[in-house]
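**Student:** Take a look at this one; I'll ask things after.
We did not get these values from a lab; they are worked out from the coordinates using the rules stated. Just so it is clear, the model here is predicted, and its values are computed rather than measured. Positions of Cβ are generated from backbone atoms using ideal geometry, with glycine treated the same way; all protein chains shown enter the neighbour counts.
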Amino acid sequence: MLRIITLLSLCVATGFTPLGLRPTTHTLEASSSIKVHGTSTLHDWTMVMKQASGEATFEMNETGLTISRVFISLNAEDLKSEYALMDKNAYEALKTEKFPKITFDLSQVHGITHSGSAYQVDASGLVSMAGAMKTVRMTVVCHVGKDGTIQITGKKAMKMTDFGIEPPEVMFGTITTGDDIVIDFDARFLPNGHS
């Protein structure tokens with residue numbers, strides 16, 4: 001769903017000049033970071049994304065910036081922790097043999113607040129994980145570079161059971177994982193053709 005985000009002052013604040021008032025496609029940079037933080041009865045843990053892909057489409061016009069797409073996809077088994085046994089149990093809980101991908105697809109932008117060179121965006125998107133789909137609403141911060149790069153950062157607390165995922169157990173249930181997780185992301189989108 002297209003929503004106009006009035007960022008006309010962005011051009012003055014950052015020096016960003018749109019080229020041709022036409023949609024531009026951005027590609028997720030390889031160094032972007034996605035982490036999953038959680039707890040267990042033994043210790044806190046973090047799984048780090050090793051690889052992901054994604055695209056975003058933007059259009060600058062006379063009234064501001066239109067965001068028509070933000071899509072991120074990763075292979076669930078590219079999330080790695082420090083512990084091989086934990087990874088194995090996590091992949092089983094995520095049912096990666098049947099559902100190998102985790103995706104996010106922007107569905108709506110509800111509003112935006114401008115502060116300095118940053119833009120706080122209230123948005124919803126469809127998260128697909130372990131065979132379940134759920135609309136998730138979150139607040140993210142966007143920075144637009146002078147070269148047109150767009151950095152999106154934020155954190156979102158969720159529960160595994162919201163996606164039908166049973167929190168993993170190891171050692172015959174003596175160590176259990178907490179249901180609550182936090183997704184921590186720093187995604188940088190480069191304009192296609194950016195060197």
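**Student:** Tell me whether region 74-195 comes out rounded, prolate or oblate; compute the Cα gyration tensor, take square roots of the eigenvalues as a ≥ b ≥ c, and use a/c under 1.5 as the rounded threshold.
**Tutor:** Prolate, because a/c is 1.5 or more and a/b exceeds b/c.
**Student:** In whole Hz and in residue order, list the ³J(HN,Hα) couplings for region 154-166 that follow from phi through the Karplus curve 6.51 cos²θ - 1.76 cosθ + 1.60, θ = phi - 60°; x for Gly and Pro.
**Tutor:** x, 9, 9, 7, 9, 10, 4, 5, 4, 10, x, 8, 7
**Student:** A further question follows. HN-Hα J couplings of region 75-89 from phi, Karplus 6.51/-1.76/1.60, θ = phi - 60°, integer Hz, Gly and Pro as x?
**Tutor:** 6, 4, 7, 8, 7, 10, 10, 7, 10, 4, 5, 4, 4, 4, 5
**Student:** Here's another thing I want to ask about it. Step through the table entries LYS101/LYS159; LYS50/LYS155; LYS35/LYS101; LYS98/LYS155; LYS50/LYS159, compare each Cα-Cα distance with 20 Å, and write down the pairs that go over it.
**Tutor:** Too far apart for the 20 Å limit: LYS98/LYS155; LYS50/LYS159.
**Student:** Quick check on the exposure proxy: order HIS43, HIS114 from fewest to most C-beta atoms within 10 angstrom.
**Tutor:** Listing HIS43, HIS114 from fewest to most nearby Cβ atoms yields HIS43, HIS114.
**Student:** Quick query: amide H of LEU42 versus all other amide H atoms, modeled in the peptide plane; which residues come in under 5 Å with a sequence gap of 5 or more or a different chain?
**Tutor:** Close amide H contacts, sequence-distant or interchain: THR176.
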